[in-house]
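The values are calculated or read from the model by the stated rules, or taken from the named source; none is laboratory data. For clarity, every value in this text was computed on a predicted model and none was experimentally measured. Please note: Cβ atoms are built from the backbone with ideal geometry, for glycine as well, and neighbour counts cover all protein chains shown. Note: accessible area is taken over every heavy atom of the protein model, side chains too, but ligands, DNA and RNA are not part of it. Shrake-Rupley method; radii C 1.70, N 1.55, O 1.52, S 1.80 Å.
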Number of protein chains: 2
Amino acid sequence: MTITATTARERMLLAKDASLRVGLLDDAAKQRALRAIADALESATGDIVAANGDDLSRAVASGLSPAMQDRLRLDAPRIAALADAVRAVADLPDPVGRVLDERTMANGIRLTKVAVPFGVVGSIYEARPNVTVDIAALALRSGNAVVLRGGTAAELTNAQLVRAMRGALRAQGIDPEAIQTVDDFGRPGARELMQARGIVDVLVPRGSAQLIETVVTESSVPVIETGAGVVHVFLDASAPLERARAIVVNAKVQRPSVCNSAETVLVHREAAATLVPAIVSALQAEGVVVHGDDEVGALASDVVSATEADWAAEYLGLEIAMRVVDDLDAALAHIREYSTHHTESIVTDDDAAAERFLAEVDSAVVMTNASTRFTDGGEFGFGAEVGISTQKLHARGPMGLPELTSSKWLARGSGQVRT
Amino acid sequence: MTITATTARERMLLAKDASLRVGLLDDAAKQRALRAIADALESATGDIVAANGDDLSRAVASGLSPAMQDRLRLDAPRIAALADAVRAVADLPDPVGRVLDERTMANGIRLTKVAVPFGVVGSIYEARPNVTVDIAALALRSGNAVVLRGGTAAELTNAQLVRAMRGALRAQGIDPEAIQTVDDFGRPGARELMQARGIVDVLVPRGSAQLIETVVTESSVPVIETGAGVVHVFLDASAPLERARAIVVNAKVQRPSVCNSAETVLVHREAAATLVPAIVSALQAEGVVVHGDDEVGALASDVVSATEADWAAEYLGLEIAMRVVDDLDAALAHIREYSTHHTESIVTDDDAAAERFLAEVDSAVVMTNASTRFTDGGEFGFGAEVGISTQKLHARGPMGLPELTSSKWLARGSGQVRT
C-alpha cells in the first residue's frame, strides 16, 4: 500500500477525512478489519523481519543498549503474538454507540448521550514496534483513525507494519488513509503532530517520563498523559511481616521494568525494627539494591545511603528506596511530595489507617494490602490496555477501549423553541 | 479576609494545600460553606457596589462599550440574585464519592472507581464579576479549591467578592486559602496560572473565542475548552415552513449574545423558494441583518452579500448568514468546514435525513427539529452549568458539577501478589 501524501499535514488531513467514514463503521466491519490486519501482519512476516533486521543492524552500530535492542526486535513468533493480540482486540465489545445518559425535557425533547469515536488519535512513542500495531488496533476498534510517530530506531520496521495494515484495510474496502505514520518526517513531523489541534483530536504519548514531558509541554492537541510511576508501598505499624514482605518483593521484583513496579518503601517507625531487616534481606536475595535512609542503614546490612534523588527515582530496575517515617501522616506527606500519582499501596491491619490512606492519597489507583503490580488493564478486566493515565482529565488509571471514545448529545425534537 | 501571600505561585500552592482538606469535606459541610458565602455576599453588598462603582468609572473613562459596562455592573438586586444562585448550587447533589464502577478480581481484590475532586480548578475569564462567584461556588461544591483570574476591568469588584467569600469560609472553619485570585498580578499572574501544571489540575477559560484560544495555546495545565459557537440550522428539503421559521427565529433572536444562538442557516435548494423569502422577512422583522449568498439575495430583499468571513462569523448579535446548498451532503460538508462543534440542528420531516445528520455531525449537541438555544445546562436539567465544552476530552456539551470531578480506583486486598 503506497503512501503518496507528501507532507505530514497532508497525511493528517487524510486521516481526518478517513475518520468520518471509519467512525460510522458497524461492529462487524471493525471486527473484520482487525482480523484482516492480523492476517496481513502474519503474511508480511518476511518483509517485517527483514526490515527489522536492518533497524537492528543500525541499532547495534549506534550502540543502542541490549535491553532497547530486545524491545526493538521482531521475529516470527513475536509477530504471531502481535497478530493474536489484534484478534483479541477484535473480540472486545464495540465501545461506540453506548448510551451514557438519557433524559427527556418537560417540552418533550428527547436527549441521548452516546459514545462516539474521538476522530483522529495520535500517538508518539519510542522504538517499540509492537506499539505501532497495538495503538492502531485499539484506535480502529473504537472507530478512530490514527496517526503514528514511533522511535527513529524502528522506522523501517514500522513502515512495513503500517504498509501491511493499510493493505488489509484497502482489501476490506476501508479507506487505508485511516492509518498514517509521520515517522519519515523526523522531528518536524512529530512537532506538526503535536500542533495539529483541530485535525488530531487526542494525543497519547507512550514511553519514558522525558518523552511524555516533552509531548505535554509542546502539544496544543489535548494529551492523555500516561505511564511514569514513582510508586510507593507504605508498611503501617500494624503490617504483618509475611504479608509486607510478600507484597514489597512482588511489587519490586515480579517485573521491575514497568511503571506499576514499586520504587519506594515507607516503613512506620514502630514496625521498622521488625520489618526492615527481614524485607531488606528478602529484596537483596532477589538481587535488589536497597537505597535506605540512616535508620534503614542501621537496621540492615549492605544498604546504600539514599540521597534526595532516590526519593524521586523511577528505577525501573532492581533498585528500591526505603525510608522510615514517623507515622501515617508522614507517609502521606512523603507520597504527596514524590508520587507521580500512579499507584500507592498500604500494608496494614488497621481499618482506620487503610481508609485514611484510600481517601487521602491522590493517585490513579490506591490500594490496601495488595501488590502495586495489579494496576493493569488486563488485571482490571479491560481485555486490552491503551495505557495507564496519570492525569485527572478524561481518564485516570488503566484505560480500556471506552477511554478512546468521546460522547455527543443527540436531541430529538418536534419543533420546540425556547421561551 | 486579608490575603498575605505575595506571589501568584505562593497563592496557588496555598490553594493546593487547602484542596487536600476541602476535598475531604462531607456534603453537609460543603452546603454550609456555600450558604455562608451567599449570606456574606449579601452582607458585603455596600462594599461590593462601591468597588464596582470605581471599576465602572474606570470602564467609562477607558471607553468600554455599553454592553460590556452592563456585564460589569453589580447592584444590590444582582448581588442578591448571585447569592441565590450560590444557594441553588448548595442544593445540588454532591458529585464527590459517586461509585462509577465496581468489580472484583478473581483473586478477591475489590475494585471501586469513585468520583473525587480534581484538586485545584483554575479559571480565566473576562470582566464579568458574576463568573467569580459562579465558578468559586461550583468548584467548592465539588470539593475543589479555586484560583481565579478575571478581567482587569473588574479587578476591584472581584477583590471584594473574593474577600467576602474567603471571610465566609474562615467563619465556617474552612481554610480560606481554598479561594484564590491572581488578578492583582496582571498578565504575568495569568501566565503563571496557565503554566502551573502539577499545582492546578484543570483550567476552565470562559469568554471570547480569542481568550479561549490564548488559554489553550499557552497552557501546560489541562484545559477544558468552552464556548465558541458558530452554530448552524439546516433546513432540509422537507422542512415545513412554520416549524423552520419558528426554530430559526428563536435560535437567532431569543438571546443573540450567547454561544448557543444560531449564526448560519443552510437551506436545501429544493425548499429555498418557499423557505428563504418567508424566513428572511421574519428575521428582518425582528431586526436581524441577513448576510446571504447570491441565491438567497435573489429570493429575498435587503440581503447583504455574504463573504467567506460570514460563514466563519460568530456574530453574537442580530446578524445571521444564510446559504442555499445542494443537498444534505453539501450541508454536512459546510458544517464540517465552519462549525465550532458546539450545536447544530436539522429541520426535517425525513427520518433518514434526521438520523444521518445526528450520526454524521461532529458536534457536542446535534438536534433534530429543535432550537439550538436548548444547549444549556439548566435546560438539560443539570441545575447549574460550568460551561459548554466544545472539546472531546473529559466533557462534551453542557457541563454540570460531575464534570468538575475526576475519579480514582480504590483496590482493597488481603495480601494478594501477582504471579
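Please indicate, with yes or no, whether at least one residue in the stretch A:331-345 is surrounded by fewer than 23 Cβ atoms within 10 Å (Cβ to Cβ), within 11 Å of chain B (Cβ to nearest Cβ) and in contact with a Pro (Cβ under 7 Å, 6 or more places away or on another chain). Checked the stretch A:331-345: no residue is surrounded by fewer than 23 Cβ atoms within 10 Å (Cβ to Cβ), within 11 Å of chain B (Cβ to nearest Cβ) and in contact with a Pro (Cβ under 7 Å, 6 or more places away or on another chain).
Are any of the residues in the stretch B:275-294 touching a residue at least 60 places away in the same chain (Cβ under 8 Å) and at negative phi?
Residues of the stretch B:275-294 that are touching a residue at least 60 places away in the same chain (Cβ under 8 Å), as a first pass: none.
Among the residues of the stretch B:275-294, not one is touching a residue at least 60 places away in the same chain (Cβ under 8 Å) and at negative phi, which makes the answer no.
Once the stretch A:98-125 is narrowed to residues that are among the small types (Gly, Ala, Ser) and facing chain B (nearest Cβ under 10 Å), the residue that is least open to solvent (accessible area, probe 1.4 Å) is A:Gly119. The single condition among (1) open to solvent by 10 Å² or more (accessible area, probe 1.4 Å); (2) within 13 Å of chain B (Cβ to nearest Cβ); (3) assigned to a loop (DSSP other than H, G, I, E, B) that A:Glu213 does not satisfy is (3). Here B:Asn260 passes the criteria (1) in a loop (DSSP other than H, G, I, E, B); (2) more than 14 Å from chain A (Cβ to nearest Cβ); (3) surrounded by 21 or more Cβ atoms within 10 Å (Cβ to Cβ) except the one numbered (2).
Taking the stretch A:32-79 as the range and being open to solvent by 50 Å² or more (accessible area, probe 1.4 Å), under 24 Å from the mean Cα position of the chain (by Cα) and under 30 Å from B:Asp362 (Cα atoms) as the test, only A:Arg35 passes. Number of residues in the stretch A:374-419 that are charged (D, E, K, R) and either open to solvent by less than 10 Å² (accessible area, probe 1.4 Å) or at the interface with chain B (Cβ under 7 Å from one of its Cβ atoms) (or both) equals 6. Can you name the residue in the stretch B:60-88 that is under 17 Å from B:Gly150 (Cβ atoms), of a type outside the set (D, E, K, R) and not in a helix (DSSP H, G or I) and is also modelled with the lowest pLDDT among such residues? The residue in question is B:Leu64.
Among residues of the stretch A:222-248 being at the interface with chain B (Cβ under 10 Å from one of its Cβ atoms) and β-branched (Val, Ile, Thr), the one that is most open to solvent (accessible area, probe 1.4 Å) is A:Val223. It is to be established whether one or more residues within the stretch B:355-369 are more than 26 Å from A:Val121 (Cα to Cα), at the interface with chain A (Cβ under 7 Å from one of its Cβ atoms) and surrounded by fewer than 20 Cβ atoms within 10 Å (Cβ to Cβ). For the stretch B:355-369, residues more than 26 Å from A:Val121 (Cα to Cα), at the interface with chain A (Cβ under 7 Å from one of its Cβ atoms) and surrounded by fewer than 20 Cβ atoms within 10 Å (Cβ to Cβ): absent. Might you let me know whether the stretch A:163-185 holds any residue that is touching a residue at least 12 places away in the same chain (Cβ under 8 Å), within 14 Å of chain B (Cβ to nearest Cβ), outside any loop (DSSP other than H, G, I, E, B) and touching a helix residue (DSSP H, G or I) at 6+ places or on another chain (Cβ under 6 Å)? No, the conditions are met nowhere in the stretch A:163-185.
Scanning the stretch B:180-201 for residues that are in contact with a strand residue (DSSP E or B) (Cβ under 6 Å, 6 or more places away or on another chain) and not charged (D, E, K, R) yields B:Gln180, B:Thr181, B:Val182, B:Ala190, B:Leu193, B:Val200. Looking only at the stretch A:187-206, count how many residues are open to solvent by less than 40 Å² (accessible area, probe 1.4 Å) and either over 17 Å from A:Glu126 (Cα atoms) or out of contact with any Pro (no Cβ under 8 Å at 6 or more places or on another chain) (or both). Of the residues in that region, 11 qualify.
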